[in-house]
Amino acid sequence: MAQDAADEYEGVCVRYACKCGHLAPVGSLFYSETCLKPVCRLPRCSVEEFESYYCGNLLVNLPSKEASMYQNRSSRCFSCPTCENVLSTAFHDAQQCFFFLCAHCRWDSLALGLADDDPDALIMTAISRERQSAHEDIFQALHSHYSTAPSSGNTAFSVSASGASFGRSNSLQSLADSMKELQREHQMKKFRLQRMTEMGGWKYDQALTKVQEKEQWLLDQRREHQWPELAKQLKALPSEGTSWSSDTAVKSREMLEKLSQQRDMGEISTLHQRLLNPLDQPRDAALLFPSRPLLRVKRTWRCVESIERGSAGILVKPQISPMSGDSSLPVSASWFKKANLAVHYLPIVTFQRLPYRVEDTERLECVLLVENPLDDVIRITFRADPAVSADDQEAAENGQVPSPLLWNLQCVMIAS
């Protein structure tokens, strides 16, 4: 509804029809040069595909493996823990060191002791500080384990390998080695099923029963190997500083007493600020650590009908680097190109109000101008809004158009 209100101008809204019947403003449509028709954003008409990761501040692309290594966050940018603006690197003349500084709220990292003699070393120190959290190793072990839990068979092993590469490299290495025999057994069950069904149809139920028993046995064996391995990993990791350590109750009482005596609530971090640091979540605003902003995704839109015909059907494809090109060009805006194809293919609808009003103040007279940029035939259809009364519909049949607040103009172009 908010999108519809934004597309209206003085109560008049012009929508163009896709071939599927969906009505949308021209800014929400694509134009397929292969099918010569407007395409809406619905899944039955267009599909959205992943292209690449990129940092919105540095405007550089990151491969999927590198983005996974940095946990889908920027590799060199940090956000202010107070206002979430991008931090810049500044040099302190008195201490002769580099530190993070927010140009908006003037927050700096000197109070946290986050300073270094070299700006690159400062960034690496901040990244290593994130990985030194007490919850980091535990989170990676749990992530590697539960990424394989919903899967079964060969899918479980492939996800296990990818999950192990996401965090620490040796998280499930021993488990993968111990499950090789089970994987081979799982691959043999299809062959056994085929052999048993060839022996006769009356043995088909017996074959299915044996296969189900084998599936249950494989599942039990997988759990038998996984849970002891996970418990062994969690036991080997340090529990000091975690939420399940032995002194949790004591720390909770101390925290509540401290909060009850707090007078300035601005010194306490908000819930949103704590969620930006999910592994630490400090309640003291002075202990908030800068976080790395999330990476953005470049997406490609493709036409479904063009794909079915065997062509690429690309509607929108991002550039590899938006800043690529010659920076010495006099027109720098040519780096960012936008194809205004609707001007060359879709009819332009213009409403022009007359300078006078009719006696009835609820009705307006206007001039409707339709410009067709093509030589093809177009059809203009007026449809009443569901909230339009019967009197307005009767007036429309007599040639009187009601107020634009009660009517929408829908243009349907017939492609050649």
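Being surrounded by fewer than 19 Cβ atoms within 10 Å (Cβ to Cβ), modelled with pLDDT of 90 or more and closer than 27 Å to L346 by Cβ narrows it down to one residue among L36, L23, L42; which is it?
Unique residue meeting the criteria: L42.
Going by the structure shown, is I138 within 22 Å of E84 (Cβ to Cβ), out of contact with any Ser or Thr (no Cβ under 6 Å at 6 or more places or on another chain) and either in contact (Cβ under 8 Å) with a residue 24 or more places away in the chain or assigned to a helix (DSSP H, G or I) (or both)? Break it down into steps so the answer makes sense when it comes.
Details: within 22 Å of E84 (Cβ to Cβ): no; out of contact with any Ser or Thr (no Cβ under 6 Å at 6 or more places or on another chain): yes; either in contact (Cβ under 8 Å) with a residue 24 or more places away in the chain or assigned to a helix (DSSP H, G or I) (or both): yes.
No: the conditions fail for I138.
How about the range 61-88: which of its residues are in a loop (DSSP other than H, G, I, E, B) and of a type in the set (A, V, I, L, M, F, W, C)?
Within the range 61-88, C77, F78, C80, C83, L87 qualify.
Residue by residue, here is whether (1) over 22 Å from the mean Cα position of the chain (by Cα); (2) part of a strand (DSSP E or B) holds:
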| site | (1), (2) |
| --- | --- |
| L42 | no, no |
| V47 | no, yes |
| G56 | no, no |
| A90 | yes, yes |
| A94 | yes, no |
| A111 | yes, no |
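Mind checking which residues of the range 344-386 are more than 18 Å from A17 (Cβ to Cβ) and at pLDDT 75 or above?
H344, T350, F351, Q352, C366, V367, L369, D375, listed by residue number.
Kindly list the number of the only condition in (1) in a helix (DSSP H, G or I); (2) of a type in the set (A, V, I, L, M, F, W, C); (3) modelled with pLDDT of 90 or more that fails for A126.
(3)
I'm trying to understand the selection: among the residues of the range 284-321, which are surrounded by 16 or more Cβ atoms within 10 Å (Cβ to Cβ) and either part of a loop (DSSP other than H, G, I, E, B) or polar (S, T, N, Q) (or both)?
L288, F289, P290, S291, R292, P293, L295, T300, S306, G313 - these are the residues of the range 284-321 that are surrounded by 16 or more Cβ atoms within 10 Å (Cβ to Cβ) and either part of a loop (DSSP other than H, G, I, E, B) or polar (S, T, N, Q) (or both).
Give me a count of the residues in the range 76-85 that are in contact (Cβ under 8 Å) with a residue 60 or more places away in the chain and either surrounded by fewer than 17 Cβ atoms within 10 Å (Cβ to Cβ) or over 18 Å from L59 (Cβ atoms) (or both).
4
Hey, could you check the range 252-279 for residues that are within 24 Å of the chain's Cα centre (by Cα) and touching a residue at least 24 places away in the same chain (Cβ under 8 Å) and say which is surrounded by the fewest Cβ atoms within 10 Å (Cβ to Cβ)?
L279
The values are calculated or read from the model by the stated rules, or taken from the named source; none is laboratory data. Predicted model only: the values in this text are computed from it and were never measured. Because the Cβ atoms are built from the backbone with ideal geometry, glycine has one as well, and the counts that use them run over all protein chains shown.
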